[in-house]
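The values are calculated or read from the model by the stated rules, or taken from the named source; none is laboratory data. Quantities reported herein were computed from a predicted structural model and do not represent experimental measurements. Cβ placement follows ideal geometry from the backbone for every residue including glycine, while neighbour counts extend to all protein chains displayed. Heavy atoms of the whole protein, side chains included, go into the accessibility calculation; ligands, DNA and RNA do not. Shrake-Rupley method; radii C 1.70, N 1.55, O 1.52, S 1.80 Å.
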Number of protein chains: 2
Amino acid sequence: MSGSLTVVGTGPGKAELMTPATRAVLDRASDLVGYGPYLDRIPATRADQQRHASDNRVELDRARHALSLAAAGRQVVVVSGGDPGVFAMASAVFEAVEHGDPAWRTLDIRVEPGVTAMLAAAAEAGAPLGGDFCAISLSDNLKNWSTIERRLNAAADADFVIALYNPASKARPHQLGMALDLLRQVKSGTTPVLFVRAAGTAETKVVAATLATADASVADMRTLVIVGASTTRTVGRWVYTPRSERLT
Amino acid sequence: MSGSLTVVGTGPGKAELMTPATRAVLDRASDLVGYGPYLDRIPATRADQQRHASDNRVELDRARHALSLAAAGRQVVVVSGGDPGVFAMASAVFEAVEHGDPAWRTLDIRVEPGVTAMLAAAAEAGAPLGGDFCAISLSDNLKNWSTIERRLNAAADADFVIALYNPASKARPHQLGMALDLLRQVKSGTTPVLFVRAAGTAETKVVAATLATADASVADMRTLVIVGASTTRTVGRWVYTPRSERLT
């Protein structure tokens, strides 16, 4: 088999945040596989390049399709947003490999890193991720809500900065409010909370709040929420977490 | 004041992992300020561009120097490795702003996101960050070791994947061994552990181990260590964390 499969991320949105390495992989591909809106971000480069757009929420089917194409000798690129290894397609591809055709294990499979949403969101606001931090997806499509609660509690208790991916969707409008209520029981009401919508795109919008005043309805599918640690602070129009916990 | 200050990250090392947005900011700068080895990664573009290289471990002095240059009307870029907001210079810049000349608050200060080391390290190994994860710096130069222990315990208890930055240096040879011993008390010995040296460079090396067999002396300053969650698994030559905790 001479086919290959590379999983890439387009970055948060703007073309200037996609790495040249990812651009080069996209240019060489015979087939692009991905969620339609992510494929739409990629300008057509070659007339002979085939695009296989699919709906969201069919990650495993999409991964299997991509692996089948690679096994048939194609140079396949699976396209995610952000970084492909963070709540995105790379994991689905390896899951498909584990449970699929044993021949898939001999394929040339690679992952290209990218700029994940929380990094773009943090950069828009200052440096809120300046200390130890964690990333939690609030989607309970694939895990139990009790697991999410356990992780939120642990992150609050140990004073991590918390980046919340997938804070809300039409099918899940209440999770973020529940998460913020849980955090309010552990953390100070003055903790900075950032709602960054469409980070790393031309339409970026930052709403800065505190845990006491944060309104969960501000968030939608395109929002990344960052909840500060006890040391996270506001200076001018910026929010940052000092490198040191030994504040002067 | 018409000066500006932008904090950028070069990415993990390879030029192809630096974003075009960061490249454009570097091209426009009148002054580059940073740790010498990071500045050395940037090819000279303009004869009139000044470079201010400094030693490591003087982040706050470097930030103040950059702010002074910007206040004098220069177009300054502060250069970090990786992403500038993750254990890097962005936080030091805002710390300097908070405690420095009030006029600095009126400066045009921006942060450009980049590819942080854990994303490049994860991509080299598969998709180990595929679930909820946290990032902890093992350096106790700026925080107490007890804080690090508390966060390691919380991350293990709540079953996060754990990315360990700054696992070891000549001045701190014992931290990683202590951290792994702590994790061994909570997590299964079969948990995958990855030592990824020089991720995202031409010299990348991945050592895959388990928590039972992991040898802390494998790590040095250029190593990123990833400790899996209970669901993290090995398939072929890859390590990945499934999106779902409901394993089939």
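Some values worked out for this structure:
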read-out: Conditions (1) open to solvent by less than 20 Å² (accessible area, probe 1.4 Å); (2) hydroxyl-bearing (Ser, Thr, Tyr); (3) more than 14 Å from residue A:125 (Cβ to Cβ): number failed by residue A:232; value: (3)
read-out: From B:15, B:47, residue being small (Gly, Ala, Ser) and under 23 Å from the mean Cα position of the chain (by Cα); value: B:15
read-out: Criterion violated by residue B:202 - all others in (1) within 19 Å of residue B:135 (Cα to Cα); (2) open to solvent by 80 Å² or more (accessible area, probe 1.4 Å) satisfied; value: (1)
read-out: Residue check for residue A:52: more than 18 Å from the chain's Cα centre (by Cα) and free of Cβ contacts under 8 Å to residues at least 12 places away in the same chain; value: no
read-out: Whichever residue in region A:7-27 is without any contact (Cβ under 8 Å) to a residue 12 or more places away in the chain and within 18 Å of residue B:27 (Cβ to Cβ) and, among such residues, is surrounded by the most Cβ atoms within 10 Å (Cβ to Cβ); value: A:23
read-out: Which listed residue is out of contact with any Pro (no Cβ under 6 Å at 6 or more places or on another chain), charged (D, E, K, R), free of Cβ contacts under 8 Å to residues at least 60 places away in the same chain and under 25 Å from residue B:146 (Cα atoms), from A:233, A:222, A:243, A:197; value: A:233
read-out: Any hit, region A:10-17, residues being closer than 22 Å to residue B:235 by Cβ and modelled with pLDDT of 95 or more; value: no
read-out: Unmet requirement for residue B:137, which otherwise passes all of (1) under 26 Å from residue A:200 (Cα atoms); (2) more than 7 Å from every other protein chain (Cβ to nearest Cβ); (3) among the polar types (S, T, N, Q); value: (2)
read-out: Residue within region B:40-59 that is under 25 Å from residue A:234 (Cβ atoms), at pLDDT 95 or above and not basic (Lys, Arg) present; value: no
read-out: Filter result (among the acidic types (Asp, Glu) and either within 8 Å of chain A (Cβ to nearest Cβ) or buried (at least 23 other Cβ atoms within 10 Å of the Cβ) (or both)) within region B:82-123; value: B:83, B:95, B:98, B:112
read-out: Strands (runs of 3 or more DSSP E) contained in region B:204-248 and holding at least 3 residues within 12 Å of another protein chain (Cβ to nearest Cβ); value: B:233-235, B:238-240
read-out: Subset of region A:152-175 (residues that are closer than 29 Å to residue B:94 by Cα, open to solvent by less than 40 Å² (accessible area, probe 1.4 Å) and not small (Gly, Ala, Ser)); value: A:152, A:159, A:160, A:161, A:162, A:164, A:165, A:167
read-out: Test: residue B:181 is part of a helix (DSSP H, G or I), surrounded by fewer than 18 Cβ atoms within 10 Å (Cβ to Cβ) and more than 14 Å from chain A (Cβ to nearest Cβ); value: yes
read-out: Selected residue (only one of A:47, A:88 is of a type in the set (Gly, Ala, Ser) and in contact with a strand residue (DSSP E or B) (Cβ under 7 Å, 6 or more places away or on another chain)); value: A:88
read-out: Residue A:212 surrounded by fewer than 16 Cβ atoms within 10 Å (Cβ to Cβ), free of Cβ contacts under 8 Å to residues at least 24 places away in the same chain and among the small types (Gly, Ala, Ser); value: no
read-out: Condition broken by residue A:71, with the remaining ones in (1) within 26 Å of residue B:18 (Cα to Cα); (2) in contact (Cβ under 8 Å) with a residue 60 or more places away in the chain satisfied; value: (1)
read-out: In region B:124-137, the residues that are crowded, with 24+ Cβ neighbours inside 10 Å and either assigned to a loop (DSSP other than H, G, I, E, B) or in contact with an Asp or Glu (Cβ under 8 Å, 6 or more places away or on another chain) (or both); value: B:128, B:129, B:130, B:131, B:132, B:134, B:135, B:136
read-out: Looking only at region A:140-151, and only at residues there that are at the interface with chain B (Cβ under 9 Å from one of its Cβ atoms) and assigned to a helix (DSSP H, G or I), the one that is most open to solvent (accessible area, probe 1.4 Å); value: A:150
read-out: Residues that are over 22 Å from residue B:143 (Cα atoms), out of contact with any strand residue (DSSP E or B) (no Cβ under 8 Å at 6 or more places or on another chain) and in a helix (DSSP H, G or I), drawn from region A:152-178; value: A:175, A:177, A:178
read-out: Residue B:92 being assigned to a helix (DSSP H, G or I) and closer than 19 Å to residue A:161 by Cα; value: yes
